[in-house]
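The structure under discussion appears below in the form of structure tokens.
The values are calculated or read from the model by the stated rules, or taken from the named source; none is laboratory data. Owing to the predicted nature of the structure, the values given are computational and were not obtained by experimental measurement. Reconstructed Cβ throughout: ideal geometry from the backbone, glycine too, with neighbour counts over all protein chains shown.
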Amino acid sequence: MRKTIAITVASLMVGGVAALPTYADDAKDAKKEAQSTTQRAGEAVDDASLLAKIKSSMLRSPEVEGLDVNVDVKDGIVTLSGSTDTQTERSNAEKIARSADGVKRVENRITVKPDDINRRPALPPVSPAAPPAVPGTPPVLPAPPAN
């Protein structure tokens with residue numbers, strides 16, 4: 001009987017010791033998962049605060065029309081989109097984004113609006129052409145306006 005008890009106790013001890021690494025691995029995995037979730041939540045908060053800083057800086061800047069520029073932030077990478085009136089304004093928006101603490105990279109996808117001065121003016125409407133004059137015939141006059 002003593003021998004059976006001793007074997008049972010020894011088996012339980014060996015089994016318990018063997019289970020410890022599994023429990024430890026589970027605990028490590030749970031800890032890593034908790035840290036990963038916390039890190040993702042922290043990154044989301046960091047991205048949101050970074051977006052707020054950049055957007056407010058653009059809205060305060062006299063060099064950028066902040067309402068025309070969209071700002072997105074993912075993992076510290078800033079993507080600018082929208083449109084500006086000039087290339088200088090586009091560059092200033094990028095400069096503002098790069099200057100914020102925590103920015104890893106800026107992708108500038110802002111388009112510059114076409115310059116109104118360089119657009120071809122609309123041509124006046126063309127009236128129907130008069131038939132070519134035949135030598136020796138009187139010119140064709142337009143019809144008088146209707147009353």
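Is it true that Ser49 is in a helix (DSSP H, G or I) and either modelled with pLDDT of 95 or more or of a type in the set (S, T, N, Q) (or both)? Talk me through it step by step, then tell me what you get.
On the way: in a helix (DSSP H, G or I): yes; either modelled with pLDDT of 95 or more or of a type in the set (S, T, N, Q) (or both): yes.
Here the answer is yes, as Ser49 does meet what is asked.
The rows are residues; the columns are (1) outside any helix (DSSP H, G or I); (2) surrounded by 10 or more Cβ atoms within 10 Å (Cβ to Cβ); (3) at pLDDT 60 or above.
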site: Arg98; (1), (2), (3): no, yes, yes
site: Glu107; (1), (2), (3): yes, yes, yes
site: Pro128; (1), (2), (3): yes, no, yes
site: Val134; (1), (2), (3): yes, no, yes
site: Pro138; (1), (2), (3): yes, no, yes
site: Ala143; (1), (2), (3): yes, no, yes
site: Ala146; (1), (2), (3): yes, no, yes
